[in-house]
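Novice: Before we start, here is the structure in question, set down as structure tokens.
The values are calculated or read from the model by the stated rules, or taken from the named source; none is laboratory data. This one's a predicted model, so the numbers in the text were calculated from it and none came from an experiment. Cβ atoms come from the backbone with ideal geometry, glycine included; neighbour counts cover every protein chain shown.
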Amino acid sequence: MITALNRINRAAIVAGALMALTAMAACHKSGPMADDALASIGGETLTLSELRKAMPAGLSAADSTAFADAWINAWVNDRLLEYEATRHLPKSADIDRRVADYRRNLISWEYRRLAVASDPALVPSDSAMHAYYDANSDRMRLTDPLVRGIYIKMETGDPALATVRRLYRSDRGDDIDRLEKVGLNGAVHYDYFRDQWIPFERIVSKIPHPVNPSELRKGYHLDVDVDGFTYLLSVSDILPAGAPMPYEAAEEQIRHTLETLNSSDIDAALLRRLRADAIAAGRLQLKNNQ
């Protein structure tokens with residue numbers, strides 16, 4: 001039996017997302033369904049609680065309705081195709097075999113990913129990664145700027161703000177020590193990243209004030225008040241988009257590249273270990289010790 005929602009009372013959803021979901025659960029249906037059901041196909045049921053879990057937080061009433069419509073329709077379409085295919089396609093051992101093969105491959109690749117991440121013997125060595133970087137650094141370019149510096153968010157009325165303004169741009173170590181010891185007790189956010197490269201977008205996304213990346217330079221600073229908070233940014237160094245990546249920024253990319261290039265060697269080492277463990281534990285028996 002196939003049943004589904006026939007219509008949604010859109011007038012009921014203007015109060016918000018929760019009201020939208022409740023209205024859909026209460027709308028007309030072509031057959032009997034549970035109160036929490038939104039659609040059912042061939043014994044499978046989509047419930048209101050499932051839709052609530054999938055609904056992103058913070059949507060407006062209109063966006064909630066659009067999301068719910070799309071999500072329910074996608075669920076119905078997927079299940080409808082599966083249901084009709086199951087009814088009309090002949091029983092095929094080949095389909096079952098292909099599904100089993102896909103599942104086996106998916107599980108194997110996920111295990112391989114976890115094994116490589118947790119076994120130092122399978123992870124590219126630091127020396128190999130540095131050697132790759134030295135040989136290819138000219139071709140590894142930044143798509144977005146990286147910066148070093150200090151970022152602070154404080155309440156504009158904080159009595160320590162004047163002291164913080166005097167110290168946060170200083171290059172002297174004792175000034176930074178004083179800043180951290182006496183100036184930031186009431187700070188909402190404090191990020192010190194003069195010793196590491198940070199994507200500029202990660203920092204600027206915290207500041208509700210437009211910052212033009214083309215204006216960035218060594219020594220750039222920002223001091224702006226917005227809605228009762230003061231945002232301070234001091235850039236001590238910058239690598240613009242298009243510059244060669246520093247090693248720390250390229251590290252994950254290099255690791256992924258080496259794992260891809262050496263995947264056959266990594267798989268062989270992993271399988272040798274698994275085979276030896278299985279033989280030792282009696283889980284695997286091979287004729288003539290193949």
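Novice: Just to be sure, is Leu274 surrounded by 12 or more Cβ atoms within 10 Å (Cβ to Cβ) and over 15 Å from Ser125 (Cα atoms)?
Specialist: So Leu274 fits the description; yes.
Novice: Sticking with this structure for a sec: Please verify whether Met154 is in contact with a strand residue (DSSP E or B) (Cβ under 6 Å, 6 or more places away or on another chain) and surrounded by 10 or more Cβ atoms within 10 Å (Cβ to Cβ), treating the condition exactly as stated.
Specialist: Values: in contact with a strand residue (DSSP E or B) (Cβ under 6 Å, 6 or more places away or on another chain): yes; surrounded by 10 or more Cβ atoms within 10 Å (Cβ to Cβ): yes.
Yes: the conditions hold for Met154.
Novice: Taking only region 100-120 into account, find how many residues are out of contact with any helix residue (DSSP H, G or I) (no Cβ under 7 Å at 6 or more places or on another chain), at pLDDT below 85 and either of a type in the set (Val, Ile, Thr) or not in a helix (DSSP H, G or I) (or both).
Specialist: Summing the residues that are out of contact with any helix residue (DSSP H, G or I) (no Cβ under 7 Å at 6 or more places or on another chain), at pLDDT below 85 and either of a type in the set (Val, Ile, Thr) or not in a helix (DSSP H, G or I) (or both) in region 100-120 gives 2.
Novice: Filtering region 222-250 down to residues that are part of a strand (DSSP E or B) and either modelled with pLDDT under 90 or aliphatic (A, V, I, L, M) (or both), which residue is nearest to Val164 (Cα to Cα)?
Specialist: Within region 222-250, the match that is nearest to Val164 (Cα to Cα) is Leu232.
Novice: Which condition does Asp144 not pass, out of (1) closer than 30 Å to Asp195 by Cα; (2) in a helix (DSSP H, G or I), if it passes all the others?
Specialist: Of the numbered conditions (1) closer than 30 Å to Asp195 by Cα; (2) in a helix (DSSP H, G or I), the odd one out for Asp144 is (2).
Novice: Look through Ile207, Ile266 and report the one residue that is within 19 Å of Ile152 (Cα to Cα), surrounded by 12 or more Cβ atoms within 10 Å (Cβ to Cβ) and aliphatic (A, V, I, L, M).
Specialist: Ile207
Novice: May I ask you to list the residues in region 159-190 that are surrounded by fewer than 17 Cβ atoms within 10 Å (Cβ to Cβ) and in contact (Cβ under 8 Å) with a residue 40 or more places away in the chain?
Specialist: Listed by number, the residues that qualify are Arg165, Asp171, Val188.
Novice: Name, by its number, the condition in (1) in a helix (DSSP H, G or I); (2) more than 15 Å from Leu232 (Cα to Cα) that does not hold for Ile176.
Specialist: Here Ile176 clears every test but (2).
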